[in-house]
1. Pick from the stretch 315-335 the residues that are of a type outside the set (A, V, I, L, M) and closer than 15 Å to Leu367 by Cβ: which of them is modelled with the lowest pLDDT?
2. Is it true that Phe151 is part of a loop (DSSP other than H, G, I, E, B) and either of a type in the set (A, V, I, L, M) or modelled with pLDDT of 75 or more (or both)?
3. When you go through (1) exposed (fewer than 15 other Cβ atoms within 10 Å of the Cβ); (2) out of contact with any Pro (no Cβ under 6 Å at 6 or more places or on another chain) one by one for Arg295, which number turns out not to apply?
4. May I ask you to list the residues in the stretch 28-51 that are in contact with a Pro (Cβ under 9 Å, 6 or more places away or on another chain) and either modelled with pLDDT under 90 or more than 30 Å from Cys80 (Cα to Cα) (or both)?
5. Report yes if some residue within the stretch 257-266 is under 30 Å from Val352 (Cβ atoms), open to solvent by 10 Å² or more (accessible area, probe 1.4 Å), part of a loop (DSSP other than H, G, I, E, B) and not aromatic (Phe, Trp, Tyr); otherwise report no.
6. Conditions first: (1) among the β-branched types (Val, Ile, Thr); (2) in a loop (DSSP other than H, G, I, E, B); (3) modelled with pLDDT of 90 or more. Val18 passes all but one, so which condition is the exception?
7. So is Val565 modelled with pLDDT of 85 or more and among the β-branched types (Val, Ile, Thr) or not?
8. Condition (residue is more than 11 Å from the chain's Cα centre (by Cα), part of a loop (DSSP other than H, G, I, E, B) and within 25 Å of Met428 (Cβ to Cβ)) applied to the stretch 305-326: is it met by at least one residue?
Amino acid sequence: MPVPWFLLSLALGRSPMVLPLERLVGPQDATHCSPGLSCHLWDDDILCLPGDIVPALGPVLVPTHLQTELVLRCGKETDCDLCVRVAVHLAVHGHWEEHEDEKKFGGAADPGLEKPRNASLQAQVVLSFQAYPTARCVLLEVQVPAALVQFGQSVGSVVYDCFEAALGSEVQIWSYTQPRYEKKLNLTQQLPDCRGLEVRNSIRSCWALPWLNVSADGDNARLVLNVSEEQHFSLFLYWKQVQGPPKPWWQKNLTGPQIITLNHTDLVPCLCIQVWPLELDSFRTNICPFREDPRAHRNLWRAARLRLLTLQSWRLEALCPLPAEAALCWQAPGGDPCQPLVPPLSWENITVNKVLEFPLLEGHPNLCVQQVNSWENLQLQECLWADSLGPLNDDVLLLETRGPQNNRSFCALEPSGCTSLPSRASTMAARLGEYLLQDLQSGQCLQLWNDDLGALWACPMDKYSHKRWALVWLACLLFAAALSLFLLLRKDHAKAAARGRAALLLYSADDSSFERLVGALASALCELPLRVAVDLWSRRELSAQGPVAWFHAQRRQTLQEGGMVVLLFSPGAVALCSEWLQDGMSVPGANCPHDAFRASLSCVLPDFLQGRASGRYVAACFDRLLRPDAVPALFRTVPVFSLPSQLPDFLGALQRPSALRPRRLRESAEQVSRALQPALESYFHPPGTPGQGRGVGPGTGDGT
């Protein structure tokens, strides 16, 4: 059902609120006051220096209330400016101090020191105005006769005519006395624009204002600009920001009446419209009609993206501010809901496009970010480490709680809750509780978070998986033995394809964005299936063994199993290879402890130089990032594929020859291409930047 855009037409149509304004003739400022008071306006403006508050030694006049009124100051009948009239209400505060001689002797003080208690009161009242880019301070002198001086009572008001300000601006007004006895009074006045003035024909800047209406066009929004055919004006669409300048989207100079259609997918709450005549010093009208539109809010969340910057920092990227908070959660394999880690962690308020920090020691593929809006509805959830660290692990999360006297307790996070360890419960974590605690004590668990009150540990469960099914396997052993010979003879090809060929993926860690792209490729290849080894998923082993030892072990295992080594070239990899070929004395891996590509050069190059690379190695690069002919000539002795354009040939080279079925190969290539597409879009077109990736901009329709 389309959004009722007619409500916008009611708000922005041809019958705006009217304000009957009084007209003042002449350019001079003036002042007048209540009956019985006398007042005077200084001729020139003064410096705005309020000074510090000082104690009053007797009754004084102080401002107690500010009141404003909009008027027109006109030089001619049709040449007026908007002006703010200010009324300052005054009252008597304080009282006469008893003289020291009167306190001491109980009699009258020296007549020469006696204060005129029946004299009138005088005050210098300052009015301060600020309306960007203008600031002024004026001084009003007020005198109150003795008959009106009553302690704590109002004595009347003094009125200042008037402060000129621009249409649509915001005026800040302060009032205080000199010297200052109390805090400054403050008032903010929002001035209307031409749409809210009955006398728009009297204000020159409103003469050529285009009429702008927003109405419905099916599911889309229609901007109707009803101006004369000779009128030239400019239309500007932008995303309003809380701080800083607006973010431009689209601007065009137009002539005459226009109808412009906005696609409903482009509507977001901060999308605003600015229109003005192409004349000198013309007034600009701004409206933001989609602030409360539910579809605009849904579009904003749909386009928002969570981006991992480093191990501990991330950012929510969106076009508009979002009232939201986020927390970490633990996503276990199997499709169960992601479980918030609150407590021990806490929900954090989110500022869009601002770098935020995780209180983490290590990343983990099962850690995800849950994003909720102010109505406590889950809007966004993303496992930020999945691309770089691989798919979800079969790990269990242990929560450590520390009490007084160094007491420690543990529980395992499960779908049913946090199960205490050790425990007699019937859950899997309870049955394995003793083994999990032993793994924790022996250092086999990864610490993710730590503070004075507790810690979070990720403990591997894969080595216990077979125990869960031990009885099932025993029951099926005879049946499996009877079928094994038949499957060996008839299904050998299917078994080999199901097991998948081993592939070792080597790359140069140019930056974190490229690492996420490599992680997406490796995850997609695992689904074919291929058994992929990549240093992104083996950081613990890589740190323990060292890059050179880790690569030698992975290469030997891959080639012994008849697998392939994939050299994924990037500009950084080409530079490293060129440096190695020119100067073989450099030590690979010396600059980056996690860079297996550097470590691999010492044994990859001999295979190519001695002609042993064919059938064991392939090379690849990404479209738009590196051309195949940029790969060093030595490595072009094996097939070089450009991805994703040559995915079918690339997958054919990785699969076993017996598994090469053209239809299956095409389906696998389409599957990998779809999995790569979000990572490629994120690498070459980061989210949150306006452009064609956001869809087609507004098109100019027929003029009416």
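The values are calculated or read from the model by the stated rules, or taken from the named source; none is laboratory data. Just so it is clear, the model here is predicted, and its values are computed rather than measured. Positions of Cβ are backbone-derived with ideal geometry, glycine not excepted, and every protein chain shown enters the neighbour counts. For accessibility, only protein heavy atoms count, side chains too; no ligands or nucleic acids. Shrake-Rupley method; radii C 1.70, N 1.55, O 1.52, S 1.80 Å.
1. Applying the filter and picking the extreme gives Pro333.
2. The answer is yes for Phe151.
3. Result: Arg295 passes all but (1).
4. Gly36, Leu37, Gly51
5. Yes, the stretch 257-266 has at least one match.
6. All conditions pass for Val18, except number (3).
7. Criteria met by Val565.
8. No: zero hits.
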